[in-house]
Amino acid sequence: MLAHMMTALNARHGYGLDLFLLSIDEGIAGYRDDSLETVKRNEAQYGLPLTVLSYKQLYGWSMDEIVRAIGPRNNCTFCGVFRRQALDRGAALMQADKLATGARIWCFRTAWEAKRSGAARTMPRFAKAGEVAGRLCM
């Protein structure tokens, strides 16, 4: 959804964003498979370049290997820290000056749909052309 909305807004309002996709594969067997397929479809559908980075590439360990080494407790701590750092490192590798994760996309979608339907009279405005520009990694 984020790729769709940012592509549409960029085209409609002339933001001048250089959009591209970044996906992180944690290396958890069967966990990221569906979303990796989705992001590959987004790459084709929206004509956006895609980079997939893995924990194995970035850190030398996959999450499955970490679990085998430390046991099944507290894995979310490792994964959460690694994932945020992986997004930051991936964006830096791609020379992005902005990173959109879509973490609050449902709020954004609700505002967008309310504004389009006329249900909302006062909605936050989107930036005008020239206010937002650069390389945006999603």
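The table that follows gives values for the structure above.
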quantity: Interchain or long-range residues, amide H under 5 Å from Leu19's placed H; calculated: Leu136
quantity: Potential lengthening between Ile28 and Lys40 on full extension [0.36 nm per residue; Cα-Cα distance subtracted]; calculated: 2.5 nm
quantity: Cut-off 16 Å, label 7 Å out along Cα→Cβ of Asp97, residues of the stretch 1-38 by amide N; calculated: 15-20
quantity: Taking the C-alpha atoms of the stretch 25-86, convex hull volume expressed per residue in Å³; calculated: 81
quantity: The stretch 1-52: radius of gyration and largest Cα-Cα distance (Dmax), Å; calculated: 12.5, 41
quantity: Charge sum, other residues only, whose C-beta stays under 9 Å from Ser62's C-beta, Lys/Arg counted +1 and Asp/Glu -1; calculated: -3
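Taken together, the values in this text are just the output of simple stated rules run on the coordinates, not laboratory data. These numbers come from a predicted model, not from an experiment. Ideal geometry is used to build each Cβ from the backbone, glycine not excepted, and the neighbour counts take in all protein chains shown.
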